[in-house]
Amino acid sequence: MARRITAGSAKAPVLALTEGLSFWGGVDPASGRLIDAHHPDCGADLAGRIVMMPTSRGSCTGSGVLLELALNGHAPAALIFREAEDVLTLGALVAGTLFDRPLPVLRLDPGDYAALTAEPSARITEDRLSAGAVSLPLTPLATDRMQLTETDRAMLAGAEGRAVETAMQILITMAAAQGATTLTDVTRAHIDGCIYASPANLTFARKMADLGARVSIPTTMNAISVDHANWRQQGVADSFGSPAAALADAYTEMGAEPSFTCAPYLLDGAPAAGEHIGWSESNAVIYANTVLGARTVKHPDFLDLCIALTGRAPLSGVYLEAERAPRRVIHVTLPDGHDDALWPMLGYLAGRLAPDRIPLLTGLEGTAPTGDDLKALCAAFGTSSAAPMLHVAGVTPEAHLAPAPDADIVHITRADLARAWAKFNTGPAGVDLIAFGSPHFSAGECCKLADLLDGHKVASGTTAIVTAGRDTIRAITANGTANRLQAAGIRILPDLCWCSISEPVFPPAARTLMTNSGKYAHYAPALSGRAVRFGSLADCAAAAITGRAPDTPPDWLT
């Protein structure tokens, strides 16, 4: 069966990607070129082509990148998926609904998908997909089957204004695409679309604000693209700083809290087990589901605002108990003597092994990972998998859920971890930038770093930066940790995170960076254009002092 998710027609060459892709950090929003250095199709031009992939992966911000491509004329002619997909689908839906830039999105059964990958070109009309011997009727979404409450229907009819009406239209279409027949109440939202990934993010936010949009539930905001209070003093060009700050201001105008953190689970009053929330930002979603036991789909940018305006989300995916069961078991052979670098590498490898399904990690039952270890695990998992959560036997609260009947077993060995370390360490050993805080550092991580640096200073010619949320910075200022870090030569930046930082706040002269984040080790080559080294927190602290990363893997990997 071939399902039409969004309207539009196309006649173009087919580009069948060999694996999923995060448009954020993976596609140049100005040109449509694939820039993910770790993707096998790096360098491919997506603009004007019918792009096929099993599903997307990675950041929720991909919807904003796709909207920018649609607005600047460099979007794919169409998108075709084999599995469920939300992030790029939402970007295409917003492009057509709000900006009259239709971009067809289709979902095919595996057999039809495989047949189409062999065709050089295809044509999509309103009711048919044609390519060589392939000719498939397109089934439209059945949005008329949605079971709506009286309040839902009133919002859809415009009783609460044009912005809420538009939000409900988008929510209902996405619900139908996800196979949902109703919506669910959510208690809180987290906005990811406040990152200035492209002008399209501001265009969308400003349009909704001008339509009178106001959030109806408590809503926090992700890290943004500038230090809101200090970007001018930091030398950020007005051409970037002004729209980036205006984007943040548009969301606060709509009632969102200027929390400016990619780690909302570190804020006071974290969600409870079983609580239905509406979060965007991939690492936050995965942490909330995995570690806290809260429930949220990995909502794309722009859908996060629709949820915040209405307090409703499609009742689908991991909001449902049955959808939280693992569909792949990954057994880990745990190396003796491992350090904290284990967790981000495990997350990245688990995502590679389970790119489209929830896994259960076994073999870690004797470990006692900290919340910061699990933060690193979840963040790295989100770079390589589209799944909204994972389970860790003996560690996470829902690891007792029985695997699905068709779940298979795969393995992660010491050799796999060593290969991941090598993949993250392609740069030279001499480093001139140490990047801490992707996701945002916790107060505990700041304290550990201060202890590691005690009595030492960052090497001349090396810059070391910690990015953290405003609440964390207030806490470490109050307890003296901030003074200890600054005395060692560490810069502490609020509001930004490493996936949104840009020059000149990102030191322009830096050529090789080092990080303890698997997430940033994955995204940094494309986002920063720099060579990368990766290691434990202690390795990174030592590199800050000496200007040099370890030349060889840690002993526990050799």
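The values are calculated or read from the model by the stated rules, or taken from the named source; none is laboratory data. None of the values given here were measured: they were computed from a predicted structure. Neighbour counts are summed over all protein chains in view; Cβ atoms, including those assigned to glycine, are modelled from backbone coordinates with ideal geometry. Just so you know, the surface numbers come from the protein's heavy atoms only, side chains and all, with ligands and any DNA or RNA stripped out. Shrake-Rupley method; radii C 1.70, N 1.55, O 1.52, S 1.80 Å.
For this structure, a couple of remarks:
- Condition check for Pro439: out of contact with any Gly (no Cβ under 6 Å at 6 or more places or on another chain), surrounded by fewer than 18 Cβ atoms within 10 Å (Cβ to Cβ) and either touching a residue at least 60 places away in the same chain (Cβ under 8 Å) or polar (S, T, N, Q) (or both): no
- Members of segment 241-257 that are touching a helix residue (DSSP H, G or I) at 6+ places or on another chain (Cβ under 6 Å) and either of a type in the set (D, E, K, R) or under 26 Å from Ala376 (Cβ atoms) (or both): Glu253
- In segment 41-49, the condition of being in contact (Cβ under 8 Å) with a residue 12 or more places away in the chain, open to solvent by less than 10 Å² (accessible area, probe 1.4 Å) and closer than 22 Å to Ala386 by Cα is met by at least one residue.
- Tallying residues that are aliphatic (A, V, I, L, M) and in contact with a His (Cβ under 7 Å, 6 or more places away or on another chain) within segment 406-451 yields 1.
- Failed condition for Ser316, given (1) over 18 Å from the mean Cα position of the chain (by Cα); (2) farther than 30 Å from Glu165 by Cα: (2)
- Residue match in segment 212-224 (condition: assigned to a helix (DSSP H, G or I) and either within 30 Å of the chain's Cα centre (by Cα) or touching a residue at least 24 places away in the same chain (Cβ under 8 Å) (or both)): no
- Residue count for segment 180-193, restricted to those that are over 12 Å from Thr219 (Cα atoms) and touching a helix residue (DSSP H, G or I) at 6+ places or on another chain (Cβ under 7 Å): 4.
- Top-ranked residue in segment 282-311 [being open to solvent by 10 Å² or more (accessible area, probe 1.4 Å) and not polar (S, T, N, Q); ranked as modelled with the lowest pLDDT]: Lys298
Condition check ((1) surrounded by fewer than 24 Cβ atoms within 10 Å (Cβ to Cβ); (2) among the charged types (D, E, K, R); (3) under 19 Å from Ile501 (Cβ atoms)) across all residues:
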| residue | (1), (2), (3) |
| --- | --- |
| Trp231 | yes, no, yes |
| Gln234 | yes, no, yes |
| Ser242 | yes, no, yes |
| Ala245 | yes, no, yes |
| Asp268 | yes, yes, no |
| Ala272 | yes, no, no |
| Ile277 | no, no, no |
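Residues are listed down the side, and each one gets a yes or a no for (1) over 30 Å from Ala464 (Cα atoms); (2) free of Cβ contacts under 8 Å to residues at least 40 places away in the same chain; (3) touching a Lys or Arg at 6+ places or on another chain (Cβ under 8 Å); (4) among the polar types (S, T, N, Q):
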{"residue": "Gly337", "(1), (2), (3), (4)": "no, no, no, no"}
{"residue": "Leu353", "(1), (2), (3), (4)": "yes, no, yes, no"}
{"residue": "Pro397", "(1), (2), (3), (4)": "yes, no, no, no"}
{"residue": "Ala402", "(1), (2), (3), (4)": "yes, no, no, no"}
{"residue": "Pro405", "(1), (2), (3), (4)": "yes, yes, no, no"}
{"residue": "Lys423", "(1), (2), (3), (4)": "no, no, no, no"}
{"residue": "Thr426", "(1), (2), (3), (4)": "no, no, no, yes"}
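- Restricting attention to segment 57-75, the residues that are part of a loop (DSSP other than H, G, I, E, B) and either without any contact (Cβ under 8 Å) to a residue 60 or more places away in the chain or open to solvent by 10 Å² or more (accessible area, probe 1.4 Å) (or both) total 5.
- Residues in segment 447-478 that are among the polar types (S, T, N, Q) and either touching a Lys or Arg at 6+ places or on another chain (Cβ under 7 Å) or surrounded by 14 or more Cβ atoms within 10 Å (Cβ to Cβ) (or both): Thr462, Thr463, Thr467, Thr472.
- Filtered by the rule that a residue be in a strand (DSSP E or B), open to solvent by 30 Å² or more (accessible area, probe 1.4 Å) and either within 21 Å of Trp279 (Cα to Cα) or of a type in the set (Lys, Arg) (or both), segment 312-356 gives a lone residue, Arg328.
- Among the candidates Ala122, Ala176, Ala197, Ala163, the residue that is over 28 Å from Leu266 (Cβ atoms), at pLDDT below 95 and surrounded by 14 or more Cβ atoms within 10 Å (Cβ to Cβ) is uniquely Ala176.
- Consider segment 382-401 and keep the residues that are open to solvent by less than 10 Å² (accessible area, probe 1.4 Å) and of a type in the set (Gly, Ala, Ser). The one that is nearest to Ile277 (Cα to Cα) is Ala387.
- Among the residues of segment 528-548, just one is of a type in the set (A, V, I, L, M), under 22 Å from the mean Cα position of the chain (by Cα) and open to solvent by less than 10 Å² (accessible area, probe 1.4 Å), namely Val532.
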